[in-house]
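The values are calculated or read from the model by the stated rules, or taken from the named source; none is laboratory data. Source: prediction; values computed, not measured. Cβ sites come from the backbone with ideal geometry, for glycine too, and all protein chains shown count toward neighbours.
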Amino acid sequence: MLRKPSKEGAAVAALFSPHSVWDEFPNAILIVDYSHQMVVYANPVAEVSLDLSSKLLEGMSLHDLFGHNPELFQMLDAIKTEEVASQRQDLILNSGPARADHDPINAHVVVGALNHPDLLLIEWFPLEQQLRSERDDRLVQQVEANKTLMRNLAHEIKNPLGGIRGAAQLLEYELPDKALHEYTQVIIKESDRLQSLVDRLLAPHRKAHIDDFLNIHEVLERVRSLVLAEFPSGLKIKRNYDISLPDLLGDKEALIQAVLNVVHNAAQALRSRIEQGDAEIELTTRVVRNVTINKQRYKLALDLHVIDNGPGIPDEIKDKIFFPLVSGKEGGSGLGLTLAQTYVQQNYGFIGCTSKPGTTDFQMQLPFRLKTEGK
């Protein structure tokens, strides 16, 4: 049941809207009226976390919101009865009648006193978010270290490689027996192949052209047409777009290549299902609010998912798929996902992946920025 806020509660609630300092907080915030056991204010992150609007939350009883949650209510009681400034612990925020169709939230919760006799603050962030942030930070550091290593290695290979190719050409010109040209051609062709590999290693380190706005769905449609041209039968690429998304400031060609690498990688993993005719890739776009990407906070970001129904990524390489020269398929160069990660990072974004047999989900997040940001 929803309770109507008291006149005092309504007056207090007015202090928190519409442009409260709490709105800028990166974690979910509820201000609660302890006497009436109800919510008087919810910030935008809390709205997203609870999947309820502030209009519904404000005036809602804590029991309707969180159901049977003795640990949370004990924390609230401790602030009032023991007169301590704050309480914090990891706990499960259960789903009450108002959230009966939602999963509980595994979170680190802080309850604190405010400068008002009846008001308390409840703040939380999902523990999965913390674990993901720590994992993403480690991955970024590892990718950066590997990029530096590969760039240096590529430069060391490039110079002697040109000498080898040139010497093979001179040798071919001097050889009297044309039958021996077969061997010099092997040297020349393999040198060219290595040169192409080196160029691919160096390519992402060139400066991105992030100077114009683009429609992400035009990028996805281009990728979709390219992949379906290569796999004309047996593969279905579903669109699940939010067409209301604003334009994105970014390097269009780099993002086409990044998404193409991810989608093409998924198609390669689906070869057996393509032969059976039931391979499927889903492209999903949504907007997310108040997210942290590469330690930078953004109010709005693109949340793009590339989901396939393939066999999943082998466990032994699951944590290394963005590293150079790591490939899950025979004959793969192991550069596609590395380059995708690099191109997305150049556009201030990030790629992550979750995988299990039957479902692999590559998630890209890219901030919606102004031209003046990041300069």
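Is it true that GLY328 is touching a Pro at 6+ places or on another chain (Cβ under 7 Å), modelled with pLDDT under 80 and either in a helix (DSSP H, G or I) or not aromatic (Phe, Trp, Tyr) (or both)? Steps first, answer last, please.
Values: touching a Pro at 6+ places or on another chain (Cβ under 7 Å): yes; modelled with pLDDT under 80: yes; either in a helix (DSSP H, G or I) or not aromatic (Phe, Trp, Tyr) (or both): yes.
For GLY328, the condition - touching a Pro at 6+ places or on another chain (Cβ under 7 Å), modelled with pLDDT under 80 and either in a helix (DSSP H, G or I) or not aromatic (Phe, Trp, Tyr) (or both) - is met.
Only residues that are touching a residue at least 40 places away in the same chain (Cβ under 8 Å), hydrophobic (A, V, I, L, M, F, W, C) and either closer than 19 Å to TYR34 by Cβ or outside the structural domain of ILE92 (by TED's automatic domain parsing) (or both): list them for region 47-64, please.
MET60
Can you run down the residue pairs with Cβ atoms below 8 Å, 6 or more apart or on separate chains, where the first is in region 212-227 and assigned by TED's automatic domain parsing to the domain that holds ASP247 and part of a helix (DSSP H, G or I) and the partner is surrounded by fewer than 18 Cβ atoms within 10 Å (Cβ to Cβ) and aromatic (Phe, Trp, Tyr)?
Matching pairs, first to second residue: HIS217/TYR241; LEU220/TYR241.
Exactly one condition in (1) at pLDDT 85 or above; (2) farther than 30 Å from GLU47 by Cβ is not met by LEU304; state its number.
(2)
Can you name the number of the only condition in (1) touching an Asp or Glu at 6+ places or on another chain (Cβ under 7 Å); (2) in the same structural domain as PHE362 (by TED's automatic domain parsing) that THR184 fails?
It fails just one condition, (2).
Tell me whether region 144-166 contains one or more residues that are within 30 Å of ASP23 (Cβ to Cβ), outside the structural domain of ASN69 (by TED's automatic domain parsing) and modelled with pLDDT under 85.
Scanning region 144-166, I find no residue that is within 30 Å of ASP23 (Cβ to Cβ), outside the structural domain of ASN69 (by TED's automatic domain parsing) and modelled with pLDDT under 85, so the answer is no.
Give the number of residues within region 119-137 that are touching a Phe, Trp or Tyr at 6+ places or on another chain (Cβ under 8 Å) and at pLDDT 85 or above.
Count: 3.
Going through region 251-271 one residue at a time, which ones are under 19 Å from THR338 (Cβ atoms) and either part of a strand (DSSP E or B) or not aliphatic (A, V, I, L, M) (or both)?
ASP251, GLU253, GLN257, ASN261, HIS264, ASN265, GLN268
Give me a count of the residues in region 57-84 that are of a type in the set (A, V, I, L, M, F, W, C) and within 19 Å of ASN27 (Cα to Cα). Break it down into steps so the answer makes sense when it comes.
Kept after step one, since they are of a type in the set (A, V, I, L, M, F, W, C), are these residues of region 57-84: 57, 60, 62, 65-66, 72-73, 75-76, 78-79, 84.
Applying the additional criterion that residues be within 19 Å of ASN27 (Cα to Cα) yields 57, 62, 65-66, 72, 75-76.
Final tally of qualifying residues: 7.
Would you check if there is a residue in region 39-52 being at pLDDT 85 or above, part of a loop (DSSP other than H, G, I, E, B) and farther than 20 Å from VAL288 by Cα?
no
Scan VAL198, VAL223, VAL262 and give me the residue that is surrounded by 14 or more Cβ atoms within 10 Å (Cβ to Cβ) and at pLDDT below 85.
Only one candidate qualifies: VAL198.
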